[in-house]
Each structure stands twice: as structure tokens, then as C-alpha cells.
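Quick notes on the structure that follows.
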């Protein structure tokens, strides 16, 4: 299967998870490519204070995994803007993950991943699964491994 991993990574944490996911998917015989959403403007991104300069197209893939950090207890504004401008994802298989620092998933993680899922489904995607990666030092390795295992299992 040809998989696109489309991410926005502000500090490198989301990029790291995407890299581990790519390794796992390729080890299972898939072709996987990481594409990053690029912006110009303020960082950390604030709504209305950035412009998307590179918006990867998901249509060239059999399935897509979207990844984003949580910011201010919500989905990062860059991923919000990117998903809002996407055309139809009709019949596209999709999975989503978010990365976050605070150890409880309820501190932004559940809302952020639910927002991603809703945006994808509103464009016709079949969302196969979602994951939340807690980046706090004590939970990091276990959380990254769980995300990689769960999402790779979907394809």
C-alpha cells in the first residue's frame, strides 16, 4: 500500500513519531512517505498570523496518516487550517495522531484528535483510527510505540 504521512511538526516531536511510523510501515512492506506542511509567519503558529506555503496533497496515496502537535489544549492552528482547505477525501482511508506534552490525554489530546477525525470525515474519509502520543519523559517511549503499533496495524 502507498501511504502518505502528512504532518505539521513545530518542535520535532511529531516528525519523530512520523519517522518511527514510516520505518514500521516500510518494514511491513508498504511504501511510506513523510510530507510536511510548511508555513511562513509566527512560531508557535497563531491563528491569522501564518500562511501555509506548502500544503501536501493527499490524493496521490492509497491511505493517509495525519499528524500534528497539540497547542494550547487544542489542535495546532496550522493543522486546523490545512484540514479546512482540503478537497474531498471521499473513500480515502485515513488515520490521525497528535503529540502533546502534558501527561493526561484529556489536556487537549482527545479534543485535538477528535477535531482531526471530524474534519476528515466531513470530507468523506474513512477514519480507521486515532492515537495520542504523550511526550512527557516518563511516558514517551511507551506512548510512541503504542501509536506506531496501533496505526501500522490499520494498514
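Every number in this text was worked out from the coordinates using simple rules, so none of it is lab data. Just so it is clear, the structure is predicted and the values come from calculations on it, not from any experiment. Backbone-built Cβ (ideal geometry, glycine too); neighbour counts: all protein chains shown.
In region 1-82, what % of DSSP beta bridges are antiparallel (nearest 5)?
The antiparallel fraction comes to roughly 35 percent.
Using Cα pairs under 8 angstrom and six or more residues apart, how large is the relative contact order of region 2-153, in percent?
In percent, rounded to a whole number, it is 23.
Give me the three principal axis extents of region 81-155 from the C-alpha atoms, as integers in angstrom, largest value leading.
39, 25, 16
Take the alpha carbon gyration tensor of region 91-131, find the square roots of its eigenvalues, order them as a ≥ b ≥ c, and report rounded if a/c is under 1.5; if not, report prolate when a/b exceeds b/c, else oblate.
Verdict is prolate for region 91-131.
For residue 84 and residue 57 in one chain, what is 0.36 nm times their gap in residues minus the Cα-Cα distance, to one decimal in nm?
8.4 nm
Once label points are set 7 Å from the Cα along Cα→Cβ at both residue 40 and residue 107, what is their separation, rounded to one decimal in nm?
3.6
Would you mind telling me the antiparallel percentage of the DSSP bridges in the chain, rounded to 5?
20
Give me the one-decimal nm value for the distance between modelled label points at residue 47 and residue 145, 7 Å along each residue's Cα-to-Cβ direction.
In this crude label model, residue 47 to residue 145 measures out at 3.9 nm.
FRET efficiency for residue 27 and residue 138, Cβ-Cβ distance as r, R0 = 30 Å, nearest 0.05?
After rounding to 0.05, the efficiency reads 0.65.
How would 116, 79 line up from fewest to most surrounding beta-carbon atoms within 10 angstrom?
Least crowded to most crowded, the residues run 116, 79.
How would region 2-153 be classified by its alpha-carbon gyration tensor: rounded, prolate or oblate, with rounded meaning a/c under 1.5 and the a/b versus b/c comparison settling the rest?
Note, shape of region 2-153 comes out rounded.
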